[in-house]
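The values are calculated or read from the model by the stated rules, or taken from the named source; none is laboratory data. Remember, it's a predicted structure, so these values are computed and weren't measured experimentally. Cβ sites come from the backbone with ideal geometry, for glycine too, and all protein chains shown count toward neighbours. For the accessible areas, the whole protein counts, side chains as well, though only heavy atoms, and no ligand, DNA or RNA atoms are used. Shrake-Rupley method; radii C 1.70, N 1.55, O 1.52, S 1.80 Å.
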Amino acid sequence: MLQRSSFKMVRPTNKRYLMAVDICGSMFHGRKTSGCRYLSSADASCLVLMALAQAESEKLTALAFSKDGLEEIEVSKEMSHGEVLKKLREIPMGTVDQASPLLWAKEKKKSFDVILICTDNQTQPDTHPVDAFKDYRKTMDLPQARLVMCAFSSKDNFPSDEPDVLHIAGFNDKVLHVIQNFACGIF
């Protein structure tokens, strides 16, 4: 009960979010999260997902990289961390192609203001997510859309020349605030 109460302090941005979560084994049992060594990358993803579910409940779409491609997951603001983590663990893990959430949103013709991809480390997919993001923004006519790529176990920064793309390496208590400020165009 106490942990859910703290999420009520998260203020809504009124942005439409698509959050895709890597559920491979290393997210749960791999290297610990940079900046917060007692959390796994799955824990960090759950915390962000729970906060967004609380603040943006009607405007959040959550996906997991499953063995059958991207799988929509229902997360409500009433769920505990343990319940969200259990839900993620029950999904059969699949390949993490960081461009696929953008391709999914484009194919489904779904408009999002913020696309958030959470994993433990950056990967080098066939289609780079930034290229897929540019195409998504152009096709969907969403010039203000933003892309946030979180690599929670990474210590490396992945700078981008794109002003609407944010790379986050590691996790701490300010990550959600940074994501929300970026979503609102504060920086």
Do we have any residue at all in the range 108-127 that's without any contact (Cβ under 8 Å) to a residue 40 or more places away in the chain and open to solvent by less than 40 Å² (accessible area, probe 1.4 Å)?
-> yes
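Being open to solvent by less than 30 Å² (accessible area, probe 1.4 Å), assigned to a loop (DSSP other than H, G, I, E, B) and at pLDDT 90 or above: is that true of Phe171 here? Write out each step before concluding.
Values: open to solvent by less than 30 Å² (accessible area, probe 1.4 Å): yes; assigned to a loop (DSSP other than H, G, I, E, B): yes; at pLDDT 90 or above: yes.
Yes, satisfied.
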Among the numbered criteria (1) outside any helix (DSSP H, G or I); (2) open to solvent by 30 Å² or more (accessible area, probe 1.4 Å); (3) farther than 21 Å from Ala105 by Cβ, which single criterion is violated by Asn181?
-> (1)
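May I ask you to list the residues in the range 41-74 that are farther than 20 Å from Ser100 by Cβ and in contact (Cβ under 8 Å) with a residue 24 or more places away in the chain? Reasoning before the result, please.
Of the range 41-74, the ones farther than 20 Å from Ser100 by Cβ are 43-44, 46-47, 50-51, 53-59.
Correct list: Asp43, Ala44, Cys46, Leu47, Met50, Ala51, Ala53, Gln54, Ala55, Glu56, Lys59.
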Please work out which one of (1) open to solvent by 30 Å² or more (accessible area, probe 1.4 Å); (2) of a type in the set (Val, Ile, Thr); (3) under 26 Å from Arg11 (Cβ atoms) is the condition Val84 fails and give its number.
-> (1)
Out of the residues in the range 44-59 that are open to solvent by less than 30 Å² (accessible area, probe 1.4 Å) and touching a strand residue (DSSP E or B) at 6+ places or on another chain (Cβ under 7 Å), state the one that is nearest to Met19 (Cα to Cα).
-> Leu49
Phe28 fails exactly one of the following numbered conditions: (1) touching a residue at least 24 places away in the same chain (Cβ under 8 Å); (2) outside any helix (DSSP H, G or I); (3) over 26 Å from Cys184 (Cβ atoms); (4) of a type in the set (Phe, Trp, Tyr). What is the number of that condition?
-> (2)
